[in-house]
Structure formats: C-alpha cells, structure tokens
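Worksheet for the structure shown next.
The values are calculated or read from the model by the stated rules, or taken from the named source; none is laboratory data. Here the structure is a predicted model, which is why all the values come from computation and not from measurement. Positions of Cβ are generated from backbone atoms using ideal geometry, with glycine treated the same way; all protein chains shown enter the neighbour counts. Areas reflect the complete protein model, heavy atoms only, side chains present, ligands, DNA and RNA absent. Shrake-Rupley method; radii C 1.70, N 1.55, O 1.52, S 1.80 Å.
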Amino acid sequence: MKILVINCGSSSLKFQLINSDDDTVMAKGLCERIGSEGSQMEYAANGGEKEIIKVDMPDHAAAAENVINTLIDKDKGVIGDLSQIDAVGHRIVHGGEKFASSVIIDDEVIKAIEECNDLAPLHNPANIVGIKACMKVMPNIPQCGVFDTAFHQTMPKKAYLYGIPYEYYEKYKVRKYGFHGTSHSYVSKRAAEILGIPYENSKIVVCHLGNGASICGVLNGKSIDTSMGLTPLDGLIMGTRSGSFDPAVIEFLMNKENKSISEIMTELNKKSGVLSLAGIGSSDFRDITKEMLAGNERAEMTIDTFCYKVAQYIGAYMTAMHGLDAIVFTAGLGENNFRVRKKISSYFDYLGVEIDDEANSHDRTEIVISKESSKIKVIQVPTNEELKIAQETMELLK
Ligand code: ADP
C-alpha cells in the first residue's frame, strides 16, 4: 500500500510517499512560500538527489495539486496515477481531549479539530488548510489524522492537572497535553523491540531532544507523563524556548522592562533557551559545542544546564513508573550528540548505568549505547514520525 504523509504549516507543505509494504520512502519533498512570491518545491524520488522546482503555488490546494502532479509525472514521478495512493495521513498538532487516537477524517472530525484551534493557534489552522486542500485534490482517497497529542491522552489526571484554579480546567480544558506523541510512541516501541523487552510490560523514558525537546515516561506502552504542557513552551530548556520556570517572572519582567505580555511571550518562545543562555547568536548545539571546546565557559554552562534538566525529568518519570528499563535518545541532538547523551546518562551512574563509549560514538543509528553490564539500558533510536503516521494510517484502513 502507498500512503502519502502530509505535514502542513502556515506557508509550507511537507510530504512523503511511503510504500508500507517495505516502509520505504518512494518520494519526499517540501513546498515552501505557499501564497507568496517565489514559491518552490524541493523534491527527491527514490532516495536520489533533491531538486528545486520553481512553481507558482497561490494556496495549499495548488501545492497539493503540484505534489500529485509531480508524483505521477512521466519523468520525475514514482506512481502511474492518483489511484495508486491508498490514503493520506495528516500530521495534526493538537487534538485536545477529543482525540486519543488517530481518526479517519470527515466533516465532523474537521469541526472537532477546529474546536482545538485555540489550543494551538499557529499550527491547527494550517493543518486544517492542508486537510481541506488534499480533500479537494483527492476527493476519493481516505484522509486520516494523526495527532501529536493523542499518545499522551493516557496520562492520569494527577499528571496532567495544573495547580491553578480548577474552574480553568472545567471551563477551558487548561491542562497538560504534551506533544511529540508520534515520536515518543514510535521510538519507545522500537526501543522495546531492539532490546527484546515486551512493550506491554516495560518502563521506558524517551528523550526527544531536537530544537523542540520533550521527555516522556512510557509505562507498559502508554504515556504516563511528559514534559511539554498546554503548549510546547513547557518543560525542558529548548533551542529558543525557555521551558518551565517560575510564572511570576513574567509579571516581574513586564514591570521592569515595561513590556507587554505578548512581547514577553515572544521572548519566551523565540529568544530564550540555549540561544540566549549561550549568547553566541546560535541555538544550534553544533555551534555551542564548538564554542565550549574552544574554552567558552558560558557555552559549557549552557550544555550543563540543558543536560541537568533532562536528567531531572528522567528521574521524575523513573519515580512515577517505580523503576526504569531503558532511557532512549532521539531527534537532532539525541541522534547526533554523543557528549549530550553521555552527560545526561552519567547522572544515573548511581543506579548502575554504564555507557559504552565506542557504541556511543555512533550517530543516527539504532544502537544500544550502554554496556552489557548496565542495569538500565541506554539506547539511541532515530525517530521517524512520517513512518509512524503512515503506519497509523494503515491501521485505520484495516
Ligand atoms: P527540530 O525540532 O527543528 O526538528 P532537530 O531534531 O533537527 O530539531 O534538532 C536540532 C538540533 O539537533 C540542533 O541543536 C543541532 O545541533 C542538532 N543536530 C541536528 N543534526 C545534527 C548533526 N548532523 N550533527 C550534530 N548535531 C545535529
């Protein structure tokens, strides 16, 4: 079966055509600057070189049409015609409390997703635009929705409630939701498979460490707690996001700096995190690591602070699960930064965690990086959210 996976942003549309028979990527690409001048599509077929195709895309329907036309193109294409696509799987950021699993999309589902727009005003409307565009261009192909929040809907109340007036939960559903659910779910399951432990009887903490970063405690295959909250601002210190801190700081800064709430929120989302801690004008850990190796103490402090918070969350979820079988590292940093993996793991030496430096020197591959003797296993698993969306879509078709 062939599943087209779509991840739609406000001016972009990312896609992958996945052959679910052998999990291969037949073609992938990215439509950018949709709705403005200079719109273009990056496209690569069968793992080949990517090419840039300049094409006018006034809206997302035009982008979807362009994707289809390219996929069936005589020269560039990988399929004969549209009927070879069995379903479309859409990444949707926020499903609120309405969606605890993936769904086949119809008008009612679209309405329910729209009702979650308040919770993710930057992302959900763009996701819906993408769904409607694909429905228009591929009216006879099932469209499925896979939510970033759905995996975390198994969290118990004690994990997702905030200690703020309860009426805000009742009135507006203000609570922890969590994100990166597709990644946490995919990676924890793969880790259990690789380690040979039964997923439905396992205690795993996944560290999804990218620009956006979150930790998830996965008990017996279900999320029991995660570090992001109502929005992705909560939890770890990230590339440019603050992560959690005393909320009273907001009022304090508004008064001191004479700034509006929206100015402060922009700072917390876009100008904080390791970008501001390191102070080298980059949020990229490659740059920060280079600075640290050159003796920049602030860069070293930044990496220390980042790793400390990750370790704290692992400790918290280990307690929540009454133990731990495995720590899993994934996403940009988790898959590419051996120092960060080692530093975080070193906090658990007292529990018998031992890292195998040779194994840990490998990047972007599925590999156990703890020693044979390590009481808690540590493993690196590259995430693959598109593949997971395709798998979920396949399940729904069955
Ligand atoms: P996003 O949340 O935007 O998807 P990523 O998962 O790409 O973020 O992670 C971005 C971070 O991962 C950056 O800090 C970067 O330093 C690190 N990273 C990504 N790729 C590499 C690489 N090949 N080598 C080292 N670090 C990398």
(request) Might you work out the accessible area of R298 for me, using a 1.4 Å probe with all protein chains in place, and round it to the nearest 10 Å²? (result) 120
(request) Find, among the chymotrypsin sites (Phe, Trp or Tyr not before Pro) in region 132-231, those assigned to loop by DSSP (not H, G, I, E, B) with at most 14 other beta-carbon atoms within 10 angstrom. (result) Y162
(request) Starting from the Cα gyration tensor of region 53-95, take the square roots of the eigenvalues, sort them a ≥ b ≥ c, and report rounded, prolate or oblate (rounded when a/c is under 1.5, otherwise prolate if a/b is larger than b/c, else oblate). (result) oblate
(message) Please list, in order along region 229-234, the HN-Hα scalar couplings obtained from phi with the Karplus expression 6.51 cos²θ - 1.76 cosθ + 1.60 (θ = phi - 60°), rounded to whole Hz, x for Gly and Pro.
(response) x, 4, 10, x, 6, 7
(message) Under the 0.36 nm per residue contour assumption, what length would be gained going from the current alpha-carbon distance of L351 and E37 to full extension?
(response) 107.4 nm
(message) Can you give me the long-range amide H partners of S374? Hydrogens built in the peptide plane at 1.01 Å from N, cutoff under 5 Å, separation of 5 or more residues or another chain.
(response) E354
(request) Starting from the residue with the highest accessible area, list F99, F338, F252 in decreasing order, probe 1.4 Å. (result) F252, F338, F99
(request) Apply the Karplus parameterisation 6.51 cos²θ - 1.76 cosθ + 1.60, with θ equal to phi minus 60°, to every residue of region 29-41 and state each ³J(HN,Hα) to the nearest whole Hz, in sequence, with x for glycine and proline. (result) x, 8, 8, 10, 6, 5, x, 10, 5, x, 5, 8, 10
(message) Counting only helical runs of four or more DSSP H residues, what would the 222 nm mean residue ellipticity of the chain come to if each run contributes -39,500 (n - 2.57) and the total is spread over all its residues?
(response) -11000 deg cm²/dmol
(request) Select from K176, K290, K189 the residue whose mean-square fluctuation is largest in a Gaussian network model of the chain (Cα-Cα springs shorter than 10 Å). (result) K290
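Nearest 20 debye, what's the magnitude of the dipole of the chain about its Cα centre given +1 on Lys and Arg Cβ and -1 on Asp and Glu Cβ?
680
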(request) Mind running the shape call on region 97-222? Use the C-alpha gyration tensor, a ≥ b ≥ c as the square roots of the eigenvalues: rounded below 1.5 for a/c, prolate if a/b tops b/c, oblate otherwise. (result) oblate
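Against the globular-protein guess of 2.2 N^0.38 Å, express the Cα radius of gyration of region 120-164 as a ratio, rounded to two decimals. Intermediate results must be reported in sequence, preceding the final value.
On the way: Rg = 15.5 Å, N = 45, 2.2 N^0.38 = 9.3 Å.
Rounded to two decimals, the normalised Rg is 1.66.
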(message) Heavy atoms of the protein only, probe of 1.4 Å, neighbouring chains included. What is the accessible area of S36 in Å², nearest 10?
(response) 60
(message) Mean-square fluctuation check for the chain, GNM, Cα pairs under 10 Å: which of K171, K271, K377 is largest?
(response) K171
(message) Kirkwood hydrodynamic radius, region 1-121, all distinct C-alpha pairs: what's the number in Å?
(response) 15.5
(request) Express in nm, to one decimal, how much length is gained between N46 and F252 on full extension, taking 0.36 nm for each residue of separation and deducting their alpha carbon distance. (result) 68.7 nm
(request) Compute the distance in nm between two label points, each set 7 Å from the Cα along the Cα-to-Cβ direction, one at I197 and one at S83. (result) 4.9
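If you roll a 1.4 angstrom probe over the protein chains with everything in place, what fraction of the accessible area of region 250-331 belongs to carbon and sulfur, to the nearest %?
Here it works out to 51 percent.
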(request) Return one quarter of the surface area of the convex hull spanned by the alpha-carbon atoms of region 244-398, equal to its mean projected area, in nm². (result) 13.2
(request) Give the long-range amide H neighbours of D225: residues separated by 5 or more places, or on another chain, with amide H under 5 Å away, using H modelled in the peptide plane at 1.01 Å from N. (result) G217
(message) Rg/Rh for the chain to two decimals, with Rh computed the Kirkwood way over all alpha-carbon pairs.
(response) 0.97
(request) Kindly give Rg over Rh for region 183-269, based on alpha-carbon atoms, with the Kirkwood expression for the hydrodynamic radius. (result) 1.17
(message) Report the Rg/Rh value for region 302-385, based on alpha-carbon coordinates and the Kirkwood definition of Rh.
(response) 0.94
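Is region 51-163 rounded, prolate or oblate when judged by the Cα gyration tensor, a ≥ b ≥ c being the square roots of its eigenvalues, rounded requiring a/c under 1.5 and prolate requiring a/b larger than b/c?
prolate
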(request) Once you have the Cα-Cα distance between I261 and Y162, take 0.36 nm times their residue separation minus that, and quote the gain in nm to one decimal. (result) 33.5 nm
(request) Specify the residue with the greatest mean-square fluctuation among E49, E335, E291, computed from a Gaussian network of the chain linking alpha-carbon atoms under 10 Å apart. (result) E49
(message) I want to check the label-to-label distance for D118 and D284. Put each point 7 Å from Cα in the C-beta direction and report it in nm to one decimal.
(response) 4.0
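Can you work out the accessible area per residue across the chain, with the rest of the protein chains kept in place, probe 1.4 Å, in square angstrom?
47
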